[in-house]
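Student: After the C-alpha cells below, expect a handful of questions from me.
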Amino acid sequence: MTDRLYYNDPYLREFDATVLATSERGGRLAVTLDRTAFYPTSGGQPFDTGTLGPYQVVEVVDEDDGSVVHVVEEAVDRAGTETGSVVHGVIDWARRFDHMQQHTGQHVLSAAFARLFDVRTVSFHMGAETSTIDLAREVTADEIARAEDLANQVVWEDRQVAIRYADAEEAARLPLRKEPVRGGTLRLIDVGDFDLSACGGTHVARTGAIGIIAVAGWERFKGGQRLEFLCGRRVLRRWRSLRDHMTASVRLLSVLPAELPGAIERMQSEAKEQKRALAALQTDLARFRADELAARGVPLSGDNRDVTLVAQAIDADANGLKSLASAIAERPGFAVVLVSTASPSLVVVARAANVRIKANDVLGALVKEFGGRGGGRPELAQGGGLAGEPASILVSATEAMKRSS
C-alpha cells in the first residue's frame, strides 16, 4: 500500500520515496513507491504529471491493492529505479493547482444546487478544458444563475477548506451532502459552514483560491441536466478567447457588441434569401442547358432504338449533374448519362417514365467496371469515385443502356 501524501498536504510539490517494485505498463516502465504526492485518476479527477528522478511521469494509476503506480516515459537504462532505490518526485504544479481549483469549485457549485433547490449531483467529470456535473433533475436558467451567484459568494468570502477524517459511525451523524460510497475511515472535505463531503481528491485550502466559478453551458442528460463549468485560470482563458473573438466579430460587421446577435440574424436571413434566389437561377439554368443537351441527343440502338440518348461529360458537381439529368429525363423517350469532367468521376443516370431502361442497373455495370460506389432507383441513379476517362465511361454506359430493359 502506498502512503498518499496528498491526502493531508495537497500543496506538497516535491517528495522523496523508496521504490517498492517496477513493472511494464503498455511498453513503459511502471514504478510503485512506498509514498507519493502524485494523485492517481479517481473520482472524476485526472492524474498528476511531473517527474520521478530524471523521468517524466505520464500516467498515475490507482491499483486495487491500495498501491499507486507511476508510469514514466520509456527509460533506456532505468537507472535509479531499482527496488529499494530512493527517488525524488516533483509535481507539475500548474496542472495540480488547476485540478484543485476545479475540484473545490465543483464541491461549492454542487452544494449551492443542493442548498437552494435540493438538487443532487449525480456525477462529476474534470476535462482538460472544462468540467461537468450531472444533476438529478432539469433546472431552469434562473436556478442556474442563482446557484452560480451563491457559489461565487462562498468563493469571495474566502472560507476555509479543511480536511477531516471520520469512521463510518461518526460519519453517519454528520450532515454529509451525499451518502459515502465506501465504509471504513472516511476523508472529509469541509468547506466552512457550507459543504461537507467524503472525497479523496485534492482541494485548495481556502475558497478564495478558486477565484471564480462560471457555468459555461448546459444540456439535458439522462433525465437530468449536465452543466459545463470552469473555475479560476480556466475562466480567464475562456474570457480572453471570447473577448478576442467578439472584438474580431464586431470589427468585421461594424456593429457594437450588443448589436452582434441582431446583425448575425439579419445576415442569416439575407443568406437564406440569396440561397433561394440562387436555387431558382440554377433551376432556370438547368432547364436551359437541358434544352441544349437534349437537342444533341441521338437515337439509342439495340433493344432500345426508340430511346433518345444524351451522353455527355459536364463540368458540374453531383447536385448539378443530378439537376440536369432530371430535367432532361422529363422529356418522354429520353435516357441520359452525365459524367463529371473532374476525376475521380461522378456519374448520374436517368430516364423518362416511358423508357424501360433501369438506371440503377446501368450504374451498377459502371461501378463494376470502373470502381467507385453508388446506387439509386430504376428512374434515377448516381455514383462517384469512378476511375476512368469520361469518354470511356460514356461508351460503357451507352452499351449498358443498350442491354438494359
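Student: Note the listed values (i) 252; (ii) 240; (iii) 118, then indicate which one is volume of the Cα convex hull per residue in Å³ calculated from this particular structure.
Tutor: Here the calculated entry is (ii).
Student: Determine the gain in length on full extension of the stretch R373-R120; use 0.36 nm per residue of separation and subtract their C-alpha separation, reporting nm with one decimal. Working shown, then result.
Tutor: Values: separation 253, 0.36 × 253 = 91.08 nm, distance 5.17 nm.
Net length gain for the segment: 85.9 nm.
Student: Something else now. Give me, ordered by chain and number, the residues 5 or more places off D9 or on other chains with an amide H under 5 Å from its own placed amide H.
Tutor: Sorted by chain and number, the residues that satisfy this come to none at all.
Student: Hey, another quick one. Rank A128, V348, L293 by how far each Cα sits towards the positive end of the charge dipole of the chain (+1 on Lys, Arg Cβ; -1 on Asp, Glu Cβ) and give me just the farthest.
Tutor: The residue sitting farthest along the positive end of the dipole is L293.
Student: Please give the Cα centre distance for the range 265-322 versus the range 181-233, rounded to the nearest Å.
Tutor: About 60 Å separates the Cα centre of the range 265-322 from the one of the range 181-233.
Student: If r is the Cβ-Cβ distance from R266 to D92 and R0 is 41 Å, what FRET efficiency results, to the nearest 0.05? The partial results should precede the final answer.
Tutor: Numbers: r = 48 Å, r/R0 = 1.16.
The computed FRET efficiency comes out at 0.30.
Student: Among the lysines, which fall within straight-line cross-link reach of K275, defined as a Cα-Cα distance under 21 Å, with same-chain neighbours fewer than 8 residues apart omitted?
Tutor: K322
Student: Along the Cα→Cβ direction, 7 angstrom out, place labels at T49 and D149. What is the inter-label distance in nm?
Tutor: Here the answer is 4.0 nm between the modelled labels.
Student: What does the helix-only formula give at 222 nm for the chain: each DSSP H stretch with n ≥ 4 adding -39500 (n - 2.57), the total divided by the residues, and the result rounded to the nearest 500 deg cm²/dmol? Can you show the working numbers first?
Tutor: Working: 8 runs with 141 residues, N = 405.
For the chain, the value works out to -11500 deg cm²/dmol.
Student: Would you kindly state how much longer the chain becomes between R237 and V255 on full extension, computed as 0.36 nm times their sequence separation minus their alpha carbon distance, in nm to one decimal? Could you put the intermediate results ahead of the total?
Tutor: Details: separation 18, 0.36 × 18 = 6.48 nm, distance 2.46 nm.
Extra length available between R237 and V255 comes to 4.0 nm.
Student: If you don't mind, there's one more thing I want to ask. By count of other Cβ within 10 Å, fewest leading, how are V57, V255 ordered?
Tutor: Details: V57 23, V255 16.
Least to most surrounded, the residues fall as V255, V57.
Student: Reachable aspartates and glutamates from K222, Cα under 18 Å, same-chain residues fewer than 8 places away excluded?
Tutor: Partners within reach: D134, E138.
Student: Here's something else I'd like to know. Based on alpha-carbon centroids, what's the gap between the range 358-385 and the range 33-88 in Å, whole number please?
Tutor: After rounding, the separation between the Cα centres reads 58 Å.
Student: Same structure, new question: Once you put a point 7 Å from the Cα of W156 and another 7 Å from the Cα of M246, both along the Cβ direction, what distance in nm separates them?
Tutor: Taking the simple label geometry, W156 and M246 are separated by 1.8 nm.
Student: Could you list H99, H70, H203, H88 so that the one with the fewest beta carbons within 10 Å of its beta carbon is first and the one with the most is last?
Tutor: Ranking H99, H70, H203, H88 by Cβ neighbours within 10 Å, fewest first, gives H88, H99, H203, H70.
No value in this document is a laboratory result; all are computed from the given coordinates. Every value quoted in this text rests on a predicted model; they were computed, and no experiment measured them. When we count neighbours, we look across all protein chains shown, and the Cβ atoms used for this are built from the backbone with ideal geometry, even at glycine.
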